[in-house]
Amino acid sequence: MNKNLFLKELQRNKKNLMIWSGIVIGLTLMVLAIFPSMADMGEDMAQLMAKMPAELSKAMGMDENTWSSILGFYSTYYGIYIIVLVSIYTTSTGATILSKEEKDRTSEFLMTKPISRLAIFKSKMASLLILSLLIYGIQTISAIIGMSLFSSESVDWSIFTVMHASGLVLVLFFTTIGVLISMFVKPKKNFMGIVVGLTFGSYFINAIAKSTESTEWVGYFSPFHYLDFTISDPDYSFNFLSAIVMLAIGAGLLFFAYKTYLKKDIDG
Amino acid sequence: MLAIETNQLTKFYGESLGIKDVNLAVNQGEVFGFIGPNGAGKSTAIRSLMGLLIPSSGTAKILGHDILTEGDKIRAKIGYLPSEVNYYDEMSSRELLEYSARFYDTSNLEDIDRLAELFELDLKKKITDLSFGNKKKCAIIQSVLHKPELLILDEPTSGLDPLMQNRFFELLEAENKKGTTIFFSSHILSEIQRMCNRAAVIRNGEITAIENIQDLLEKQMKKVRLVFDKMPNDQVLPEGAQHERWNKNKLQFEYVGPVDRLVGWLSNQSLHDVVLEEPDLESIFMNYYER
């Protein structure tokens, strides 16, 4: 790994990280700030939910737990918005961390320095990991602060930890897909459409799978199926097998991306 | 050990040819020109040597290292000046040059100020605010900061005004005196004539000639202008004469061949005046391009 390049990448992505962190903190605190008023309407919300089609409630990950505890409320929105939003940031950063050099035609500068393609790849991936962990850590800390601020009852932090560990694996998995995409899409293309489609698409596939038994099979095509956030399940725990398999597949995707990068002609 | 050695180096972009069977041998300490019209394959050859393009076939070594397996070792000893300069817009010139210098063990950061003063570059300005010429100055400085053994220059003077071009050539001459090998790619022949000992001509991706510049100038076509005292009886010109034009007792032709043959023929004529003109390098290479 090259320290010079690693630090430069962190510096280069600092502004973007700050903007996205602001969005993620804002969304997290906003979700948690709504909970007290929702909890006050607990009876009314339960009646409203009873009138909703069961399939829709399931698809959105809502159940009786959603309105009765701050963790239940948070887990619903965590699965729908927060994880997807964090994944969009990390996946788009993964998709551009190598290709941006080609898009801006600075790769000629970088790749004529005494640094191997392996060192470039490792340095960029290390900074990508740090950026992903930073935004994830920032979101987690803001959730802890939000729960402490907006909940009078005690929070089951072990479930919170399981939820966030699952979320982190999902985020890292999507990030590796972003890196792989950048090897096959022209650098001048805007990756954001692909990234939003990938993350939201994965979420909706899982939502459809959860809504009825007949569509359950489509869930196998979504990473959300393997690490979900249904904390109302009494057996809810960290799925080590899924996590290990997803991290292993992610490592495989990165290795494949590296092999492709090694043989790539650099245009700019 | 050669500074640059390529063996049948070939690069195809899909179906279309970039370069084919390029064989080069550049000696250490030499200033070697690489000449060709736009699109001839100069940049493809250079980008392959720099490891930016993966050759389709053939091999190449720079300073004894294989370009495919020891690229980072090679690049530690090379200074590269690209034809088009693209840097990180958000950086200032100083930040860019310091960032570049930190990749090498041999860089001296104090040289940044000295070279910036020489080329009148404002180090505080952001890259995005620099003109093409000023970006080129930045590129020149970053290419020599780490005291490279070999300088690879691709159309190095584009964007530089004549004063800066002159300072740049003086810098190159000083570097060459210290032992730096220079590979100088250009389509501006006067630059090649000024700087280089030898040059390769590339056309349609293939090397068509590798010549000593001085030999080229001496041995190649000469323009001959004659004024006859007495018109020759047979008007037979020496072998190697071409494009002759008569105007009363005046004759003008181009001659390619040994000088003694021309002199022998001239000695048999009754002449009032003789002018032998050295063609400029441009005329010589136009001959190559047209072959």
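What follows is calculated from the coordinates using simple rules that are stated; it is not laboratory data. Computed from a predicted structure; not experimentally measured. All Cβ positions, glycine included, derive from the backbone under ideal geometry; neighbour counts span all protein chains shown.
Can you pull the one-decimal nm distance between simple spin-label points at A:E153 and B:K230, each 7 Å off the Cα toward Cβ?
Roughly 12.8 nm, to one decimal.
Please sort by residue number the GluC sites (Glu not before Pro) in segment B:88-180 whose DSSP state is loop and whose Cβ has at most 10 other Cβ atoms within 10 Å. Mind showing how you got there, number by number?
Values: sites: B:E90, B:E95, B:E98, B:E110, B:E117, B:E120, B:E149, B:E170, B:E173, B:E175; in loops: B:E90, B:E120, B:E149.
Of the GluC sites (Glu not before Pro), not one in the loops of segment B:88-180 has a Cβ with at most 10 other Cβ atoms within 10 Å.
Give the relative contact order (percent, whole number) for chain A; include only Cα pairs under 8 Å separated by 6+ residues. All intermediate terms of the calculation are to be shown ahead of the outcome.
Numbers: 302 pairs, mean separation 80.4, N = 268.
Reported as a whole number, the value is 30 percent.
State to the nearest 20 debye the size of the charge dipole of the protein assembly as shown about its Cα centre, where the only charges are +1 on K and R beta carbons and -1 on D and E beta carbons. Show your work: numbers first, answer last.
Values: 55 positive and 64 negative charges, 163 e Å.
Taking the Cα centre of the protein assembly as shown as origin, the dipole is about 780 debye.
Please give the length that would be gained between A:K14 and A:M41 if that part of the chain were fully extended, namely 0.36 nm times their separation in residues minus their C-alpha to C-alpha distance (nm, one decimal). Could the numbers behind the result be given before it?
On the way: separation 27, 0.36 × 27 = 9.72 nm, distance 4.11 nm.
Contour length minus Cα-Cα distance gives 5.6 nm.
Classify segment A:79-218 as rounded, prolate or oblate from the Cα gyration tensor: take a ≥ b ≥ c as the square roots of its eigenvalues, call it rounded if a/c is under 1.5, otherwise prolate when a/b beats b/c and oblate if not.
Since a/c reaches 1.5 but b/c is at least a/b, the shape of segment A:79-218 is classed as oblate.
Taking only the alpha carbons of chain A, what extent do you get along each of the three principal axes, in Å, biggest first?
66, 42, 31
Which of the listed residues, B:W265, B:M50, B:F183, is farthest toward the dipole's positive end in chain B, when Lys, Arg count +1 and Asp, Glu count -1 at the beta-carbon?
Final value for the positive-end residue is B:W265.
Could you go through segment B:144-154 in sequence order and give the Karplus-derived ³J(HN,Hα) for each residue, using 6.51 cos²θ - 1.76 cosθ + 1.60 with θ = phi - 60°, rounded to whole Hz, and x for Gly and Pro?
10, 4, 9, 6, x, 7, 9, 10, 10, 10, 10
So, in nm, how far is label A:F200 from label B:I54 when the simple model puts each one 7 Å beyond its Cα toward the Cβ?
Using points 7 Å along Cα→Cβ, the separation is 3.6 nm.
Which helices count as membrane-span-like in chain A under these terms: full DSSP H, at least 20 Å along the axis by C-alpha, Kyte-Doolittle mean of 0.5 or more? Before the final figure, lay out each step's value.
Values: long enough: A:14-40 (40 Å, 1.23); A:117-150 (49 Å, 1.48); A:157-184 (41 Å, 1.89); A:192-211 (28 Å, 1.23); A:240-262 (33 Å, 1.78).
Counting only whole DSSP H runs, the qualifying helices are A:14-40, A:117-150, A:157-184, A:192-211, A:240-262.
Once you treat every alpha carbon in segment B:4-216 as an equal point and sum by Debye, what is log10 I(q)/I(0) at q = 0.15, 0.17 Å⁻¹?
-0.96, -1.22
I'd like the GluC sites (Glu not before Pro) in segment B:209-270 restricted to DSSP loop residues with at most 13 other Cβ atoms within 10 Å, sorted by number.
Working: sites: B:E211, B:E218, B:E239, B:E244, B:E254; in loops: B:E239.
Passing sites in segment B:209-270 are B:E239.
So what are the ³J(HN,Hα) numbers for segment A:216-233, from phi and the Karplus equation (6.51, -1.76, 1.60; θ = phi - 60°), rounded to whole Hz, Gly and Pro as x?
4, 4, 5, x, 4, 8, 10, x, 5, 5, 8, 9, 9, 10, 7, 6, 6, 5
Given the C-alpha centroids of segment A:229-264 and segment B:154-216, what is the distance between them in whole angstrom?
53
Compare the Cα positions of A:I130, A:I25, A:I266 along the charge dipole of chain A (+1 at Cβ of Lys, Arg; -1 at Cβ of Asp, Glu; about the Cα centre) and return the one farthest towards the positive end.
Farthest towards the positive end: A:I266.
Roughly how big is segment B:73-188's charge dipole about its Cα centre, with Cβ charges of +1 (Lys, Arg) and -1 (Asp, Glu), in debye to the nearest 20?
Details: 16 positive and 20 negative charges, 59 e Å.
For this selection, approximately 280 debye.
What is the distance in Å between the Cα centroid of segment B:1-20 and that of segment B:227-247?
Going from one Cα centre to the other spans 46 Å.
Taking a threshold of 29 Å on the Cα-Cα distance, which of the pairs A:K122/B:K124; B:K126/B:K177; B:K124/B:K147; A:K3/A:K188; B:K20/B:K137; A:K186/B:K136 fall above it?
Working: A:K122/B:K124 31 Å; B:K126/B:K177 34 Å; B:K124/B:K147 24 Å; A:K3/A:K188 27 Å; B:K20/B:K137 33 Å; A:K186/B:K136 27 Å.
Those over the limit are A:K122/B:K124; B:K126/B:K177; B:K20/B:K137.
Which far-off residues, 5 or more places away or on another chain, put their amide H under 5 Å from the one on B:L151, with H placed in the peptide plane?
B:G79, B:T181, B:I182, B:F183
Suppose every K and R has +1 on its Cβ and every D and E has -1 on its Cβ; what is the size of the dipole of segment A:144-268 about the Cα centre, in Debye to the nearest 20? Mind dumping the intermediate values first?
Values: 7 positive and 9 negative charges, 188 e Å.
In total the dipole reaches around 900 debye.
Nearest 0.05, what FRET efficiency do B:L17 and A:L262 give at R0 = 22 Å with Cβ-Cβ as r? Show your work: numbers first, answer last.
Numbers: r = 24 Å, r/R0 = 1.08.
Efficiency for this residue pair is about 0.40.
Set the Förster radius R0 to 56 Å, insert the Cβ-Cβ distance between B:K177 and A:M192 as r into 1/(1 + (r/R0)^6), and round the FRET efficiency to 0.05.
Numbers: r = 53 Å, r/R0 = 0.95.
Calculated transfer efficiency: 0.60.
Along the charge dipole of segment A:93-243, which of A:I159, A:F224, A:P187 sits closest to the positive end, that is, farthest toward it, with unit charges on the beta carbon of Lys, Arg, Asp and Glu (+1, +1, -1, -1)?
A:P187
Find the all-direction average of the projected area of the Cα convex hull for the protein assembly as shown, expressing the result in square nanometres with one decimal place. Mind showing how you got there, number by number?
Details: hull surface 139.9 nm².
Taking a quarter of the hull surface, the average projection is 35.0 nm².
Can you put A:H225, B:H272 in order, fewest other beta carbons within 10 Å first?
Numbers: A:H225 17, B:H272 11.
Least to most surrounded, the residues fall as B:H272, A:H225.
Among DSSP bridges having both ends in segment B:4-216, what percentage is antiparallel? Round to the nearest 5. Write down the numbers at each step before the final one.
Numbers: 21 of 39 bridges.
Rounded to the nearest five, the antiparallel share is 55 percent.
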